[in-house]
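Novice: Okay, handing you the structure first.
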Amino acid sequence: MKHNTMHQITYKNIHNRFKLNGIHISREEMFYVAYCFIKEGKPFEQHIGTFLLDWFDEKSYIELSTSGTTGVPKVIRIEKQAMLDSALATGDFFGLEPGNTMLHCLPTNYVAGKMMWVRSFILGLDMKFVEPTSNPLDKIDESFDFCAMVPLQAKNSLTQLKQKKIKKLIIGGVRIHRALEEELVKLPIEIYETYGMTETITHIAAKKIGAVAFTTLPNVTVSIDDRQCLVINAKKISKNDIVTNDIVKLISDTQFIWEGRLDNIINSGGIKLLPEKIEDKLSKLIPRRYFVFGKDDETLGEKAVLYVEGEPFVIEDSVFNVLNKYEIPKEIIFIPKFHETATGKIMRNESVLSL
């Protein structure tokens, strides 16, 4: 269904097909729900209550905190109308219809969790929400048309996903490792990996699991700058182009292949190494969390180092046969526990500095 009447819909409306846990709830009743959550709810419900009051207040914007993966988290202001337009684009891209059922299992104190609420209000979805845990389908008996998860939740839900408890699943927040992708490709449901950030109000592009290139959502085009980094043009979300530090291979103005972060590039003896590409090649060969990061070196200027989480163990040289000679880490360092953001993204710099 194409929502061609975007300009007629405002963030103050709730779709007449919207349901919360199977019950029709009006805009006025949402205030009562919000107050109940804040007064009597668990911490995750209190976050929901606070967001609902923010969404339905008189301000035209909401303040969001960025994840802080690559720097200090900052508070940014996002227009509610832009969040609404983002929700409509998601509805178009994934073919969501009024009355579709949706499971919400993400924390509402982050943008992805907030947007699940906005999508349900605007698109008229029947939403059930559960506490955000690492295994959200554990006690779920019914099936749903749509759900969003982070990779850890998807990994822990493989058994239930095989039972088709979710028809259409989107996964975002952190990049999907190849080992998990190979498990997800086998499942009998539609699964997409999404690309986005707080500044883009969650995803602006998605790709089917197993596909190489991301395709942008409606009303979004992309280009690259002289650093080969992605530049996002999404006028309904941001008046200005959003310049990222993501190195991509551009296929067209609506398709791109993600290759790595500019911040992470290692210049080793004049050879530029992308840690994410090295990590991807090693994805099924190291049974722990790990990352590749640059370290100062007298000879090379910078060398590639493999950092592995947990107690030291022997990693055979043969593991690195999948890499070319420049990519092979010059050192392996074990870190007892990686630093990570509240949304589970590994903070490379902080993890290394903690040694």
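Novice: Check the stretch 217-225 and report whether any residue there is within 20 Å of the chain's Cα centre (by Cα) and either free of Cβ contacts under 8 Å to residues at least 24 places away in the same chain or in a strand (DSSP E or B) (or both).
Specialist: yes
Novice: Check VAL33 against each of (1) within 21 Å of LEU106 (Cβ to Cβ); (2) of a type outside the set (S, T, N, Q); (3) open to solvent by 60 Å² or more (accessible area, probe 1.4 Å) and name the one condition it does not meet.
Specialist: Every listed condition holds for VAL33 apart from (3).
Novice: Quick one: how many residues across the stretch 252-261 are surrounded by 15 or more Cβ atoms within 10 Å (Cβ to Cβ) and out of contact with any Phe, Trp or Tyr (no Cβ under 8 Å at 6 or more places or on another chain)? Walk me through it before giving the result.
Specialist: Kept after step one, since they are surrounded by 15 or more Cβ atoms within 10 Å (Cβ to Cβ), are these residues of the stretch 252-261: 254-256, 258-261.
If we keep only those that are out of contact with any Phe, Trp or Tyr (no Cβ under 8 Å at 6 or more places or on another chain) as well, we get 254, 259-261.
Of the residues in that region, 4 qualify.
Novice: Still on this structure: Which one is least open to solvent (accessible area, probe 1.4 Å), of the residues in the stretch 220-251 that are more than 17 Å from ASN264 (Cα to Cα) and among the hydroxyl-bearing types (Ser, Thr, Tyr)?
Specialist: SER238
Novice: Show me the strands (runs of 3 or more DSSP E) entirely contained within the stretch 84-176 in which 1 or more residues are under 23 Å from ILE209 (Cβ atoms). I'd like the intermediate steps shown before the answer.
Specialist: Values: elements: 101-104, 126-129, 144-149, 166-171.
Because the criterion is at least 1 residues that are under 23 Å from ILE209 (Cβ atoms), the strands (runs of 3 or more DSSP E) in the stretch 84-176 that meet it are 101-104, 144-149, 166-171.
Novice: Taking GLY124 as meeting all but one of (1) modelled with pLDDT of 95 or more; (2) at negative phi, write down the number of the exception.
Specialist: Failed condition: (2).
Novice: Moving to a separate point now. Scan the stretch 272-307 for residues that are open to solvent by less than 60 Å² (accessible area, probe 1.4 Å) and either over 16 Å from ASN324 (Cα atoms) or of a type in the set (A, V, I, L, M, F, W, C) (or both) and report the count. Quick ask: steps written out before the conclusion?
Specialist: Just the residues of the stretch 272-307 that are open to solvent by less than 60 Å² (accessible area, probe 1.4 Å), to begin with: 273-276, 278-280, 282-283, 286, 290-294, 297, 300-307.
If we keep only those that are either over 16 Å from ASN324 (Cα atoms) or of a type in the set (A, V, I, L, M, F, W, C) (or both) too, we end up with 273-274, 278, 282, 286, 290-294, 297, 300-302, 304-307.
Residues that pass the stated criteria total 18.
Novice: Based on what the data block shows, is THR202 under 13 Å from the mean Cα position of the chain (by Cα), open to solvent by less than 50 Å² (accessible area, probe 1.4 Å), modelled with pLDDT under 95 and within 20 Å of MET116 (Cα to Cα)? Full working, then the answer.
Specialist: Numbers: under 13 Å from the mean Cα position of the chain (by Cα): yes; open to solvent by less than 50 Å² (accessible area, probe 1.4 Å): yes; modelled with pLDDT under 95: yes; within 20 Å of MET116 (Cα to Cα): yes.
Judged against the criteria, THR202 is a match.
Novice: Would you pick out the residues in the stretch 77-100 that are closer than 15 Å to GLY196 by Cα and of a type in the set (A, V, I, L, M, F, W, C)?
Specialist: The answer is ILE78, ALA82, MET83, ALA87, ALA89, PHE93.
Novice: Could you please find all residues in the stretch 138-154 being open to solvent by 20 Å² or more (accessible area, probe 1.4 Å) and either on the phi > 0 side of the Ramachandran plot or among the small types (Gly, Ala, Ser) (or both)?
Specialist: First pass over the stretch 138-154, keeping only residues open to solvent by 20 Å² or more (accessible area, probe 1.4 Å): 138-139, 141-143, 145, 150, 152.
Result: SER143, single match.
Novice: Pull up the stretch 36-78, narrow it to residues that are surrounded by 11 or more Cβ atoms within 10 Å (Cβ to Cβ) and aliphatic (A, V, I, L, M), then point me to the one that is farthest from SER120 (Cα to Cα).
Specialist: ILE76
Novice: Could I ask something else about it? Name the pairs whose Cβ atoms lie under 8 Å apart, with the first residue in the stretch 318-333 and within 14 Å of LYS295 (Cα to Cα), the second open to solvent by 30 Å² or more (accessible area, probe 1.4 Å) and aliphatic (A, V, I, L, M), and 6 or more positions between them or separate chains?
Specialist: That search, which allows pairs on different chains as well, returns LYS330/LEU300; ILE333/LEU355.
Novice: Now for a separate question. Give me the pairs, please: first residue somewhere in the stretch 191-215 and more than 12 Å from PHE256 (Cβ to Cβ), second residue anywhere and of a type in the set (Lys, Arg) and not in a loop (DSSP other than H, G, I, E, B), beta-carbon distance under 6 Å, and either six or more positions apart or on two chains.
Specialist: Pairs found: TYR192/LYS208; GLU193/LYS207.
Novice: Condition (residue is closer than 22 Å to ILE78 by Cα and surrounded by fewer than 20 Cβ atoms within 10 Å (Cβ to Cβ)) applied to the stretch 175-196: is it met by at least one residue?
Specialist: Within the stretch 175-196, none of the residues are closer than 22 Å to ILE78 by Cα and surrounded by fewer than 20 Cβ atoms within 10 Å (Cβ to Cβ).
Novice: What strands (runs of 3 or more DSSP E), lying completely within the stretch 241-338, carry at least 2 residues that are over 29 Å from LYS155 (Cα atoms)? Spell out how you get there, then give the answer.
Specialist: Working: elements: 242-252, 255-261, 266-268, 271-273, 290-297, 301-309, 331-335.
Filter on the stretch 241-338 gives 242-252, 266-268, 271-273, 290-297, 301-309.
Novice: Counting just the residues of the stretch 8-23 that are of a type outside the set (A, V, I, L, M, F, W, C) and closer than 14 Å to TRP117 by Cα, which one comes out least open to solvent (accessible area, probe 1.4 Å)?
Specialist: Kept after step one, since they are of a type outside the set (A, V, I, L, M, F, W, C), are these residues of the stretch 8-23: 8, 10-13, 15-17, 19, 21-22.
This time we only want the ones that are closer than 14 Å to TRP117 by Cα, so: 11-13, 15, 17, 19, 21.
Details: TYR11: 31, LYS12: 84, ASN13: 73, HIS15: 57, ARG17: 112, LYS19: 58, ASN21: 83 Å².
Out of the qualifying residues, it is TYR11.
Novice: When you go through ILE14, ILE76 one by one, which is the residue that is under 23 Å from ILE170 (Cβ atoms), at pLDDT below 90 and β-branched (Val, Ile, Thr)?
Specialist: Working: ILE14 fails: at pLDDT below 90.
Checking each option against the conditions leaves just ILE76.
The values are calculated or read from the model by the stated rules, or taken from the named source; none is laboratory data. Note that the structure is predicted; figures quoted are calculated from it, not measured. Cβ: placed from backbone, ideal geometry, glycine included. Neighbour counts: every protein chain shown. Calculation scope for accessible area: heavy atoms of the full protein, side chains included, ligands and nucleic acids excluded. Shrake-Rupley method; radii C 1.70, N 1.55, O 1.52, S 1.80 Å.
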